[in-house]
Each structure stands twice: as structure tokens, then as C-alpha cells.
Amino acid sequence: MASNEIEEIYQLINQVDAKIPSQQENAIVIIGDTGEGKSALLNYLAEVPLFSKADEGFDEFVINTDSAVEGMEIGDGCVAKTSLPSSWMEFWDCPGFGDTRGSVQDIVNAFSIYKLIKSAKKVKVLVIVSENTIKGSRRKSFLNLIRNVGETFKNTDELIYGLCLVVTKNESLNLEKMRKGLHKILKEQDDQENFNISQRKILDFLSSPKSQIVFFNAPQKEGLISDEDRSLILEGLNKISYLENPEPSISISPESKNLISSLSEKLNDDIENFISLKFCPEILVYIGKLIEYHSDTIDELRSLLKQLSDQLENISDEPSQFENNLYQIFLTTKMLQNEELKDKFYKKIFQLDFIKLIKPESLKIRSNTSSWYRFILESLRNLNILISLPEKDIQGRKLTLKGLMIGIKDLNTAMKDQNLSEINIYSLKYLFIDEDVIAPGINLTLISPRMSVIGKRIINLKGNPGPQHQPSKASDGVSGSEDQINGKDGLPGLPGGNGGNFYAKGKKFFNMSSLTIDVSGGDGGKGQDGGNGAKGMDGRDHGRENVMNRKESALILRENFTAESRLNYIEKGIKFFLTFNDKFREIYESYDPGQKGGNGGQGGVGGLGGKSGSVIIECQFQSSENPTIIKSCGRGEDGRGGRPGLGGKNGPKYRGIYINEAVFPQFRGINPTDPNKPNEIAKGTGIAAVTVTSGAITKEATKELVFQQSGQITITEGSKQLISKGGLFVKDAVITTEGTKQLISKGGWFVKDAVVATEGSKIFMQEVTKNSFKVLSQEAAEEVTKQGGKVIIKDVLKVGATESGKHVVKVGGNAFFSIMQGVGISLAAQAVISPISAHLSSYWEKEVHEIIYDDIKCVSNGESPFSLNVRDIKQPFEQTFINKEKQNALYDQFYRQKGEIIDFTTNWCLLD
């Protein structure tokens, strides 16, 4: 019989737990004995239509309704109708304290009051008593009610201010009579032994003007009950204060306490079943949801799992720690985020607290902890496996990660400071792409039953950019060097590295549309910058020397020295008869030109981009979400061209004007220059412009110039200078033909119409007739010599004469020799006087001096490059791809060892 009672109590307690929430803000608890009209009052306050009808047996009117609030049906006798609490809004109707159905109802009633008071933050109490109970022979029941109310709350001093007395079935009492009557009862009971302090305090307060006493009057006739009392009852209820977090103090009968030990055992069995059948399985459910819906890094996930593991570690297998274990389990249910589970376990703890409150003093509540602790240990083992870091293996340039749950954050940590070419990740349960991957040119394999992309992620396997040239700029030109003055050309950029390859395999992939996979080839390297051209050398200070030495290259103008007085005319006439001399004004000007700046080197063209890799994704269950795949590569940045070098400054420019009395000027080719055709010879460097009229032809092989039309020819060949004025000028054994005439120079200068050539100390003379000319050969050198600054001609033969086969001068009939013979002056005498006169009569009219440039002071700068250097551009390496068969073999080996086989019956393959 006892076991049936225990089962009934346990069932009813669970029903009460289901009815009363674990937490509520406000509660108005209605307390009264059975038959005092609690249910009728609550229906009345709920505005349920009540009506009265005559009770023929007792000659009175009773209250009833056809639409009572659910669970608050109105009783019709002294047998309690209410077994479980019922509510309407914040009003709660509790089973009567005077319930007649024994220990079962006694324990359930006590639990109901206990649960109501513990669950509410604020409580008001309505004590219900009928007029007959106060006035008649049942006054003892009223005193018991007051005692039970006082014993239900620990603090009576607070209770009285939250208490309102409702007199039901009232026919003759009013407020004044009630307070007088209560005061009389207080005086009568004050000396009684069983009249306790809480009764005295409550009766003393109720009999005072501070109390709130209201009336629910008995009907006097049949029909609908008036609403008049309702407003007065609610007004009195509003005037009392709420009790803040009241503490219950529940008691039951001694007979009922005999059942508590068995009830405690029943509760312990229920807790064990709860832990093993609901709590521990819910841990696995929570872990699964935590993993599946995780949206942060693998570290954050492990942190959450570690918190759960630490909480479970607080649970002990020591029986003495039973109550603490229950509290730790309750805290764990909060972490599991399952409100239903938490509420159920909270109710188990609440029931245990109630049992501790009403149990006999001798009863010790214990639990067989070992019966359920093994389930906690199993949960701990699973958590520790999940929390553990993956196994890392590095062989050469290959990295492998193996584990139950792996994140890309694990990969980024493992490959830090590693020089890798291949990465393989094998996960038994779950793989999180929780961070971006930056692994240029690496082959990456991911194999896991489940794979999830957390947020927007990118796997960047783009090849490395082409290396930069060191140095980044080609060599500059070398100043002062003719061959190395230009900047070196930059090298073409180096090719970019090839993109990596991506391979993924699994059962289910999630959020793949948020993943970007970049297997582009690396961009080409920057082309090397071209070297800068060197600055040209400045011209040297050689101009003064050239002018002082009256070098032919420095002569810019020669003109006849014009007599300006009569005396000068006489002097010139006498000298004409005594010498072969003539006077000229010669202007010399010279400077050493600077060197042209070096050209800038070409910039190297940008390098070629690397080759793109491949992307292969195999998933058993097809998904509409595909990642974004990037395959591209760019050419490298072109190198910059070198800067051209600055041109060198011209050396100082000097000028002088020399009055020159020349000996035999006609024979030596000393003639006035054409002021409209100045000497074009470059000053001091052997470099001159070349101007050729349409009739001139140059043949380099024979160094022969054929001149078909008159004009000026200026030619530069290396360090040679060739000049013609009105005819032809040739140097260094170059033979020039004009008609039938030939002009020859060897080792010196030869000019037509001045007919003087020199070689060493020898002088060669020529006279030109209309149809022919001759040149003295080296073999006839003894005929014309120069000694000590004097020119001596030993023998002059007539025209056409010869002596011992020697070459002689052929003089035409109109030559000036005939004139000299006519005046009786010998040619030899004139030859002696002419040099002396020339020496004495020549002088610097204006000394050599430096002048300011009237043209460009510097030569031109070097040239900038107009194109890029594309010579010997390098091609990227050949691409190598992931060996799919090899990866599958490694995958099978790993998963079969772990007992987790992914059976692919259908494949979704994305090949790109």
C-alpha cells in the first residue's frame, strides 16, 4: 500500500510542478479550510456569473455556476474538491488546510504551498473564513487556520502587512463587529498553552484598524449574485503590501512524515534516470549543435567545449557530494541551452529541497552516485577528444594534419615559418574553414565527412610573384669612357610562380558559396630599371694653345690685309718686287668641346605571369552552393628607362687676330677664306659635319672622291679631316681626280690652287698651268730644302728641263717667274728675303683672349630609351597537378584505420 501512495504522491507532485511555473513575478495565494468558499470567491473575482439557489435541506441559499474557471469548480460539502492548485491570472487557489484525505493530500498540499511561495518574487495572502466558523462551534478550526498561516511563512512580522481576511457566507457581520470579535478571541486565547506567537501577532493585527477585512456576503435569495462585494474585496486587496521574496516554513502531520524516506528514494531513482537518459544524451546533442552551428574560429569552439568539460569536472563520484553534484549538474543544464531540460532538473532539485524541509530529523538523504557518474565520465572523454589538437606530421616540404575536428586556424599555426609545397588535412568528423589561407603555389588537399565555411573566406593559392632583380636597376654609364658612357639595359622581369592546386572530398559541405579559391598564377616580376647615362666629360682648356699655335683647325677667317695709307701701299709694292710674300689678317678661335651625355638604358619588360592551378571538389551529397574560383595572372610591371646623361661643358673659348705675312702664299695654298663659308673643322677633336653636294661620290674602299660638280665638301673620317674650298682637299695618301688632274698628299696637307705640300722638313712645290701640273717627288728633295728656318732652292730649270732624271718644276709662260726674270732679280734672292720679311712683319693684332660663348655652352644630353628590353625573357615553369589517385589512397588508409569510411556512391565533381 505504501508503494502505491509513494507513486501517487510522486505523480501528484510532478503535476503540481507542471502547473506552477518555476518563476513568476506576483502571486496572490488564497488559503482556507475546505468548504469555506475559496473556489466560489475566486470565480467571483474572475467575474464568472454566479447564481444562488435554495438548499431545501438546510433552509439556506448556495452559490454555483455553469462556467467555472478550469480547475476551480465550486464544491458542495466538506469533502475537498480541490486536490491541485488552480489559477486565474495571479490568483492561486490552494487545497484546504483541513483536507480530509490523509497523508497523500497532506504532502501534496504542503508542496503546492511551498512551490507557490518559492516561485513568486512577491506574494499577497488572502485568508478565507466563513461567518459560521468564526462565530460558531468551529472557532477552533479558525484558530488552527491562523496557526497554519503563521507557520507557512517564516517571518510573521512581514506577513501581517501582506494579509487580507475575507469573511465568506456573511450574513450579519460588519467591519466593527469583526474587529471586536477577533479582539475577544485574542483575549480568550492569550493565556492558552497551545496559543503560539504567530497566532497572537496575526489576531492582534487583524483586530486593529490597520487590518484589511472584507466580506463576501451570503445570498439572500435565488438568482444572479450581485457584483457589489467584488469591488470592495479588490479594494481591500489593493491596500495590502506585497511580501518580497518570502521564505516558506512548511510542516506536515507525523503520519505523513513516515512516507518521506520512501519518497526520497523514489526521487533519487528519478534523478539517476534523468542523468543517464536525458542529461548525458543532451550533452552529445549540445556538442553536435555547437559544432554544426558554430560560426567562429576553431579556437573559439574548443574554448566553448572546454568550458563544458571544466563544468563536468566539478561533478564528483563521492556520495557525500550528492547535493553539490546536483547543483553542478543544474549549472551544466544552463550551459546546454535547453530550457526544458533545465526546468525539469530544477524541479528535481526543488522537490529534493522540499523533502529536506519536511523530512524527519533522523533521515539522511543519500544517493548511489556511482550508478550515474559513469555517464559523466563518458561525456568527459568525448569532450577531451574533441578539444585535442590535430596530429601534425612534416616530412620534407609536405605537411599533414590528422584529427577528429580540425580548423584552418590549426593549419595556419602549423605552417608558420615552414617552407612547404604540399598540405594534406584529414578530419574524421568536421573541418572548419574558419580563417583565410595564404599559401602561394601550394597543393592543398582537404578531406572530411563534413566541411563548413565560417563567414566569407578565401583560400589563396595564387603563385608567388616573380622575384625582383637584385639590384633592381642596371648599371649606370661610366663618365669619361667612350664605350661605357651609356647606361646598361635592364633585364626583363622574371616569371611568376605557378598557382597551387586545390582538392576537397567529403559527404556534406556547408556555405561553400562564401568561399573563394584563388589558384591564379603569380604575377610576373618587375622588369629591371635601365641604367642612367653618364654625364659627358667637360671640354679641356686647350683652346688657348690651338690659337697661340695658329692651328689650321682654329682658323675661322683669313682675309687680305688692306693698306690703309699711302705709305702702306708703297711698302706693299716694294715687298711685292723684293719678296713673294703677301699679308693677311687671320682670326683664330678655338675651344675643346664637351662630350655628349650617355644614353639611358632600356627598362626591362615585365615578367610573364605563372600558370594557373586546378580546383577539384568531390562531395557525396550534391549542393547548389559552389565556391568562387579565380584563375588569372598578370604581367609584371615594366622597368623604367634610365635617365640620359647630361652633356659635358665646352672648354673655354679663345680668340686672337694675327697679321700674317705669308711666304709664297700662292704656292703654299694660303688664300683668303670665303666669309660666307667658314671653316667647318671641329675644334680640336677631329669631329666635323659632313656636307656633300649632289655631285660628290665617296668610295671608302679606295678612299677615292669623285667630284662632278663644284661646291664645298667637308668630310670627317675618324681623326682625319678633309676640306675642299672651290676644289678638292685630300689627306693621308688619298687620291682625288678632277678631270685629268690629280692631287696627292702623303703625311701632310695638299691643296689645289695653293700648291704647297709638306712632309717632315721637306717642301714640295707645284705650279699649275692650264692643262697640266707636276709635284716634286721625295727623290727630288735635295733640290728644295729647308734649313734653319730658311728656304733654299739650289737649282731652278726652265720649263721642261731635266737633270739626271730629276723631277723639276714646270713653269708656264704666264707664270710669275717670267715677271721676276724681267726685272733681273733672281729667284734665289727672293727666297732668302721672303722668310725674313715675313718673320719681321707678322704680329698679333689682338692677343689671344678668352671670349664669352655666343652659342650653346654645353653639348647635347644623352637620349632617353624609346622602347623596352625584351631580349631573353624567361618562361614560367611547367605546372604540376595533384595526383587524385594518390590522395584517395592516403585518404582510404587514414579513414579505414579510424573505422570511419566515407562510401561514395554518387559524386558531385567540380573541375575548373
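The values are calculated or read from the model by the stated rules, or taken from the named source; none is laboratory data. These figures come from a predicted structure and were not determined experimentally. When we count neighbours, we look across all protein chains shown, and the Cβ atoms used for this are built from the backbone with ideal geometry, even at glycine. Keep in mind that these areas ignore ligands, DNA and RNA; they rest on the heavy atoms of the full protein, side chains included. Shrake-Rupley method; radii C 1.70, N 1.55, O 1.52, S 1.80 Å.
Do you know which residues across the range 642-670 are open to solvent by 40 Å² or more (accessible area, probe 1.4 Å), assigned to a loop (DSSP other than H, G, I, E, B) and touching a Phe, Trp or Tyr at 6+ places or on another chain (Cβ under 9 Å)?
Scanning the range 642-670 gives a single hit, Gln666.
At least 2 residues that are open to solvent by less than 20 Å² (accessible area, probe 1.4 Å) and more than 28 Å from Ile617 (Cβ to Cβ) in each: list the strands (runs of 3 or more DSSP E) lying fully within the range 487-539 that qualify.
none
Of all residues in the range 377-407, how many are assigned to a strand (DSSP E or B) and open to solvent by 20 Å² or more (accessible area, probe 1.4 Å)?
Of the residues in the range 377-407, 8 are assigned to a strand (DSSP E or B) and open to solvent by 20 Å² or more (accessible area, probe 1.4 Å).
Specify the residue that is farthest from Asn382 (Cα to Cα); the eligible residues are those in the range 344-367 that are among the charged types (D, E, K, R) and open to solvent by less than 50 Å² (accessible area, probe 1.4 Å).
Across the range 344-367, the extreme among qualifying residues is Lys359.
For the range 841-900, name all the residues that are modelled with pLDDT of 75 or more, in a loop (DSSP other than H, G, I, E, B) and open to solvent by 60 Å² or more (accessible area, probe 1.4 Å).
If the condition is that a residue be modelled with pLDDT of 75 or more, in a loop (DSSP other than H, G, I, E, B) and open to solvent by 60 Å² or more (accessible area, probe 1.4 Å), then Ile852, Ser860, Asn861, Glu863, Ser864, Phe866, Leu868, Val870, Arg871, Asp872, Lys874, Gln875 are the ones that fit.
Can we say Ile185 is closer than 15 Å to Leu126 by Cα, open to solvent by less than 20 Å² (accessible area, probe 1.4 Å) and either in the same structural domain as Asp55 (by the TED database) or among the acidic types (Asp, Glu) (or both)?
It is false that Ile185 is closer than 15 Å to Leu126 by Cα, open to solvent by less than 20 Å² (accessible area, probe 1.4 Å) and either in the same structural domain as Asp55 (by the TED database) or among the acidic types (Asp, Glu) (or both).
Against the condition touching a residue at least 40 places away in the same chain (Cβ under 8 Å), open to solvent by 70 Å² or more (accessible area, probe 1.4 Å), under 27 Å from Gln220 (Cα atoms) and not aliphatic (A, V, I, L, M), how does Glu60 come out, does it pass?
Taking the combined requirement at face value, the residue satisfies it.
Quick test for you: out of Asp434, Asp489, Asp523, pick the one residue that is outside the structural domain of Glu292 (by the TED database), in contact (Cβ under 8 Å) with a residue 60 or more places away in the chain and within 27 Å of Ile291 (Cα to Cα).
Asp434
Does the range 308-318 contain any residue that is among the small types (Gly, Ala, Ser) and within 26 Å of Lys364 (Cα to Cα)?
Checking the range 308-318: at least one residue is among the small types (Gly, Ala, Ser) and within 26 Å of Lys364 (Cα to Cα).
Does Ser137 satisfy the criteria of being open to solvent by 60 Å² or more (accessible area, probe 1.4 Å), in a loop (DSSP other than H, G, I, E, B), among the small types (Gly, Ala, Ser) and in the same structural domain as Phe61 (by the TED database)?
Spelling it out, Ser137 is indeed open to solvent by 60 Å² or more (accessible area, probe 1.4 Å), in a loop (DSSP other than H, G, I, E, B), among the small types (Gly, Ala, Ser) and in the same structural domain as Phe61 (by the TED database).
Let me confirm something: among Glu618, Glu625, which residue is of a type outside the set (A, V, I, L, M, F, W, C), closer than 30 Å to Met451 by Cβ and open to solvent by 10 Å² or more (accessible area, probe 1.4 Å)?
Glu625
So which residues in the range 322-343 are buried (at least 16 other Cβ atoms within 10 Å of the Cβ) and not in a helix (DSSP H, G or I)?
Scanning the range 322-343 gives Leu336, Asn338.
Yes/no matrix, rows are residues, columns are (1) of a type in the set (Phe, Trp, Tyr); (2) at pLDDT 85 or above; (3) closer than 16 Å to Leu159 by Cβ:
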position: Ser83; (1), (2), (3): no, no, no
position: Trp92; (1), (2), (3): yes, yes, no
position: Asp99; (1), (2), (3): no, no, no
position: Ile107; (1), (2), (3): no, yes, no
position: Ala110; (1), (2), (3): no, yes, no
position: Leu116; (1), (2), (3): no, yes, yes
position: Val123; (1), (2), (3): no, yes, yes
position: Asn132; (1), (2), (3): no, yes, no
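Would a scan of the range 198-207 turn up a residue that is of a type in the set (Ser, Thr, Tyr) and free of Cβ contacts under 8 Å to residues at least 60 places away in the same chain?
Looking through the range 198-207, at least one residue is of a type in the set (Ser, Thr, Tyr) and free of Cβ contacts under 8 Å to residues at least 60 places away in the same chain.
Got a number for residues in the range 166-182 being open to solvent by less than 20 Å² (accessible area, probe 1.4 Å) and part of a helix (DSSP H, G or I)?
2
Test Ser198 against the stated conditions and say whether it is out of contact with any Gly (no Cβ under 6 Å at 6 or more places or on another chain), over 20 Å from Glu131 (Cβ atoms), open to solvent by less than 40 Å² (accessible area, probe 1.4 Å) and among the hydroxyl-bearing types (Ser, Thr, Tyr).
It is false that Ser198 is out of contact with any Gly (no Cβ under 6 Å at 6 or more places or on another chain), over 20 Å from Glu131 (Cβ atoms), open to solvent by less than 40 Å² (accessible area, probe 1.4 Å) and among the hydroxyl-bearing types (Ser, Thr, Tyr).
Take the range 252-290 and flag every residue that is acidic (Asp, Glu) and within 14 Å of Thr332 (Cβ to Cβ).
Scanning the range 252-290 gives a single hit, Glu282.
Got a sec? Which of Ser624, Ser612 is modelled with pLDDT of 85 or more and not in a strand (DSSP E or B)?
Ser612
Please go through the range 423-449 and pick out each residue that is surrounded by fewer than 18 Cβ atoms within 10 Å (Cβ to Cβ) and assigned to a strand (DSSP E or B).
Residues satisfying the conditions are Lys429, Ile438.
Which number in (1) modelled with pLDDT of 90 or more; (2) over 29 Å from Lys140 (Cα atoms) marks the one condition that Lys239 misses?
Here Lys239 clears every test but (2).
For Gln470, which of the numbered conditions (1) free of Cβ contacts under 8 Å to residues at least 60 places away in the same chain; (2) touching a strand residue (DSSP E or B) at 6+ places or on another chain (Cβ under 7 Å) fails to hold?
Unmet condition: (2).
Give the range 27-57 a look and list any residue that's of a type in the set (Asp, Glu) and surrounded by fewer than 22 Cβ atoms within 10 Å (Cβ to Cβ), or say none.
Listed by number, the residues that qualify are Glu47, Asp55, Glu56.
Regarding the range 450-461, can at least one residue be identified that is part of a loop (DSSP other than H, G, I, E, B), open to solvent by 60 Å² or more (accessible area, probe 1.4 Å) and not hydrophobic (A, V, I, L, M, F, W, C)?
Yes, that holds for at least one residue.
Of all residues in the range 296-321, which are basic (Lys, Arg) and either touching a Gly at 6+ places or on another chain (Cβ under 7 Å) or open to solvent by less than 70 Å² (accessible area, probe 1.4 Å) (or both)?
The answer is Arg302, and nothing else.
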